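Here's the structure, in structure tokens; my notes come after.
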Amino acid sequence: MAEKGVKIISIKKLESKPEKVYNLHVKDNHNYFAEGINVSNCHLFKAQSLTSIMTKLKDCPYRVGLTGTLDGSKTHKLVIEGLFGKVQKVITTKDLMDKKLLSPLKIKCIVLDHTNKNKEACKDLKYPQEIELIINNKERNEFIRDLTTKTKGNTLVLFQYVEKHGKILYEMIKKKETKRKVFFVFGGTEGETREQIRAITDAEKNSIIVASFGTFSTGINIKSLQNIIFASPSKSRIRVLQSIGRQLRKSEGKKIATLFDIADDLSWKSRKNYTLKHMVERVKIYNEEKFDYDITRITMEGEEA
């Protein structure tokens, strides 16, 4: 019955009723079957194995899908509605902050204005080559290192590429920071180790986690997380909002959650570079969600391409 990689366990009920309840484990998601289906993080229901299960549930009168984020596309919304029914927005993140159920959020967008030589070098590059130029820029990485070490409280630095960027940032931060604990988490880190790091940072007041988007942007909650730094560019609505959600849980002593959104201006004449346009998309998300943000430009004067 179950697709590959999906484990279904029957849960024995104490009641005399004959109905069965199932606990469906898909990675770290916990989804429950009874007379209907209740799915947490239903925005992830794109995989064939999951949609296959949903389409085979012929006698399922109640379908409840819960999520805090859709990707904003009509296609994604239609897929979710086809599996669960009409999408209803119950409450916004801003509403929860206004009700003081979540920590208030301040977003600091930092646009790094690169040198003219780097801008000219980037003018004909495709997206992958532009990313290579950005993550290999020594001055940019030093800026992220210095920003990280100047923060106070638990700080999460999110990156996209492990070998090319994450490990480099981790080593740079670890070398400079001598008083705070610095952790490194990526897809190759054992799940138990990730959980130990999460538990440590819950107890810590001033640690640093350098982590990949894939491991810490979804499903991890660190109550005492005060700062997040986007070290890699992204335009994914789900990734951005899920990452922000990591730091909004309230905790003792946390007055405000701060997101440092780092962007790169490599535009040449009238041509806007890819990652700068991605930053514009993120700002659109912040406006739609009514988040408090400001934008600062910093001139890069050091390393050339």
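A short reminder: the numbers here are calculations on the coordinates, not readings from a lab. Computed from a prediction, not measured in an experiment: that's the story for all the values here. FYI the Cβ positions are ideal-geometry reconstructions off the backbone, even for glycines, and counts take in every protein chain you see.
Worth a mention:
- In terms of surrounding Cβ atoms within a 10 Å radius of their Cβ, D95, D294, D264 rank from fewest to most as D294, D95, D264.
- Sites K106 and E301 - FRET efficiency at Förster radius 22 Å, r taken between beta-carbons, to 0.05: 0.20
- Sequence-separation-based contact order of the stretch 93-299, relative, with Cα cut under 8 Å and 6+ spacing, percent: 36 percent
- Once the Kirkwood radius over Cα pairs is known for the stretch 93-299, the Stokes-Einstein relation at 4 °C and 1.567 mPa s delivers a diffusion coefficient of 74 µm²/s.
- Per residue, the convex hull spanned by the Cα atoms of the stretch 256-305 measures out at 112 cubic angstrom.
- Least to most buried among C60, C109 (fewest other Cβ within 10 Å first): C60, C109
- Note that the stretch 177-188 has calculated 3J(HN,Hα) couplings of 8, 10, 10, 10, 6, 10, 10, 10, 10, 8, x, x Hz, one per residue in order, obtained from phi through the Karplus relation 6.51 cos²θ - 1.76 cosθ + 1.60 (θ = phi - 60°); glycine and proline are x.
- Placed amide H near D113: partners under 5 Å, 5+ positions off or other chain: D265, I298, T299, M300
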